[in-house]
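I have placed the structure first, in the form of structure tokens, so that the comments after it can refer back to it.
The values are calculated or read from the model by the stated rules, or taken from the named source; none is laboratory data. None of the values given here were measured: they were computed from a predicted structure. Cβ placement follows ideal geometry from the backbone for every residue including glycine, while neighbour counts extend to all protein chains displayed.
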Amino acid sequence: MTARPDVSSGASSTGTPHQPNIAIAVSAVGALLAGAAPLLGAVAPAAPAAFLSWPLLLLLAALPAVLAVLFGRRDRPGAAAAVLIGPAVLAPARIVLDLQLAVDAGLAARPELLLPFTLDPLAPATGLWLLLAGHVAAVVAGVLAFRGRESGDSGAEHGPRRQGLLALVLCASVVAAVGALMAPFGSDDPYLLPRAALDSPVAVLAGSVLLALAIPSVAGFAASSPDPDVARGGLVGLAAAVAGVAVPPLFAATVVPTLHFAAGPVLMLLAALAAAGLAVPAGRTATTAESSEVRLPALTRLLTTAGVLALLAGALCVLGALTPQLEMPSWLSAPPLYSARMLWPAGAVLLLLGAGLLVPGIALRVRPALVVAWAVLPLTAAAVLDTVFTAVQGAGAHAEIGAWATGVAVLLGAASAVVAGLAGGVERDDVDLSETTADRTVLVLSACAGLLGAPAFVLPVVTAPDYTPPGIFTDFATTSWGLVAGLGAVAGAAVLAHRCRPARGAALLCGAGLVVLVRVLELPLTAARADGSAPGLGLWFGIAGVLAFVCAAYAAARRTAATPAGTFGAS
């Protein structure tokens with residue numbers, strides 16, 4: 001939207017619209033390279049794809065360039081450029097994923113590129129280098145498009161921030177990110193063994209994590225852009241890029257008899273369709289119709305949504321603790337899942353905070369605690385899901401309702417934290433316009449709390465002669481990712497609390513204290529897993545950390561007396 005009716009959105013200050021022809025051409029070349037990869041073979045000796053895949057790969061790779069051309073013909077150069085940004089941001093993750101073909105192609109699980117028929121090592125071939133070059137071309141095209149978009153935005157008038165649209169887009173992107181971490185398909189082929197990210201080789205794990213981080217990043221960038229063209233083009237480009245990852249395994253499961261559908265690509269494709277649908281309201285401007293503006297949602301609606309999601313996550317967490325996690329083969333007995341006992345305190349934390357968000361009088365004060373305390377879900381669920389994954393893959397067991405409830409609880413908990421964070425942004429922008437000031441006392445106390453609480457996630461809480469607990473720096477396993485999540489949440493709260501408004505800083509510190517407390521409860525709840533269990537050094541650090549976070553929260557809350565009445569801050 002511009003001040004002059006004769007200058008379209010995305011036009012330069014001189015009135016000449018930017019035409020991202022070079023970026024589109026580079027993207028098209030990259031699509032040709034990616035489409036040629038299965039034709040020339042990705043490995044040697046040759047192992048052809050499981051189906052005729054090159055037309056599908058070419059179509060998916062060329063989709064962003066085609067969409068950019070269509071936007072350009074509609075005189076929306078800003079949208080045309082933004083379409084290429086999403087594929088560019090996702091391309092590095094896809095490069096890392098494809099490097100598994102060079103490291104050990106037999107573990108790559110990429111039926112659209114090769115169908116292994118031997119356990120002998122496979123060497124990278126010309127097709128792989130063309131595929132990687134295609135991803136590099138996508139990065140170059142995105143850089144050129146972004147630079148051209150910046151040079152052509154000086155005449156654009158920034159529209160209103162659209163928190164409601166941003167919330168929906170981020171929720172969809174979280175679903176896609178979760179799908180990116182799941183197994184791409186099921187398989188009866190002994191040479192084609194797909195795995196979830198956490199149980200995959202290093203290259204696949206790293207690429208999947210990068211993909212899971214990149215999708216919400218692009219979604220947030222596009223949906224929060226004040227330029228409607230960038231918002232619409234960015235979401236469309238993201239949808240095309242996510243579809244490029246999700247469609248090949250779905251198509252392979254459709255046409256290859258030994259392969260079966262899995263939930264991961266389905267979630268990604270549904271999220272891509274949602275992003276494409278949300279691109280329609282994202283691209284509307286105030287000049288189209290006054291009613292087409294996407295207005296800020298009520299703060300109470302966001303708080304209520306976060307509370308409901310937290311309650312659902314907590315209830316599913318408790319369900320995971322109550323119901324069986326595994327169905328073992330008839331000749332094996334189910335192992336005792338001591339780690340599932342940790343779901344009880346995690347579920348209680350989410351139920352408590354979710355209920356608090358539904359009470360108008362305390363919802364604003366509870367909200368920051370949820371942003372931090374949701375980390376109790378990955379902290380406790382990672383150990384449970386690790387045992388389930390191991391039993392399913394190693395013993396032929398089947399995941400029961402408890403395992404599925406635990407996994408969905410983590411997803412809903414993450415969504416509740418995202419919505420709670422968005423509520424904080426709305427609160428700060430529209431309710432509390434007061435200035436923030438750092439407090440030295442809170443800084444010192446929260447730093448001490450962080451230094452005491454952090455070792456609880458690095459050092460073992462339970463020790464035993466024949467028990468080696470997973471850790472962050474030693475014996476890293478699937479469970480270790482939960483420890484990383486807990487450590488990150490605690491450290492983030494300790495760093496940020498002193499710059500928040502008093503009540504909000506106190507809530508952040510209380511949330512961090514709850515995370516450390518759940519970690520401490522590992523000893524009384526799971527000590528029976530090994531003979532001779534004893535408290536580990538991490539337990540004493542955890543107890544000291546909980547007490548320190550309580551003291552820091554009290555000091556932060558005491559600052560409220562100096563805050564003008566009626567002022568509410570947002571973290």
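Per-structure values
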item	result
Ser416 being outside the structural domain of Leu181 (by TED's automatic domain parsing) and over 26 Å from Thr323 (Cβ atoms)	no
Residue that is modelled with the lowest pLDDT [pool: residues in the stretch 472-488 that are of a type in the set (A, V, I, L, M) and outside any helix (DSSP H, G or I)]	Ala477
Selection count, the stretch 315-354, where residues are over 27 Å from Ala415 (Cα atoms) and modelled with pLDDT of 90 or more	0
Qualifying helices (runs of 4 or more DSSP H) (wholly inside the stretch 17-126; at least 1 residues being surrounded by fewer than 23 Cβ atoms within 10 Å (Cβ to Cβ))	21-40, 54-73, 85-98, 100-104
Selected residue (only one of Pro226, Pro216 is of a type outside the set (Ser, Thr, Tyr) and out of contact with any helix residue (DSSP H, G or I) (no Cβ under 6 Å at 6 or more places or on another chain))	Pro226
Top-ranked residue in the stretch 48-107 [being at pLDDT below 90 and among the acidic types (Asp, Glu); ranked as farthest from Pro249 (Cα to Cα)]	Asp75
Residue satisfying condition, being over 28 Å from Ala240 (Cα atoms) and touching a residue at least 60 places away in the same chain (Cβ under 8 Å), within set Leu119, Leu114, Leu107, Leu130	Leu119
Residue identified as touching an Asp or Glu at 6+ places or on another chain (Cβ under 9 Å), of a type in the set (A, V, I, L, M) and under 22 Å from Gly220 (Cβ atoms) among Ala81, Ala88, Ala108	Ala81
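Here is a yes/no grid of residues against (1) outside any helix (DSSP H, G or I); (2) under 24 Å from the mean Cα position of the chain (by Cα); (3) at pLDDT 90 or above; (4) assigned by TED's automatic domain parsing to the domain that holds Ala420:
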| residue | (1), (2), (3), (4) |
| --- | --- |
| Thr441 | no, no, no, yes |
| Phe457 | no, yes, yes, yes |
| Pro470 | yes, yes, no, yes |
| Val490 | no, yes, yes, yes |
| Leu508 | no, yes, yes, yes |
| Arg519 | no, yes, yes, yes |
| Thr526 | no, no, no, yes |
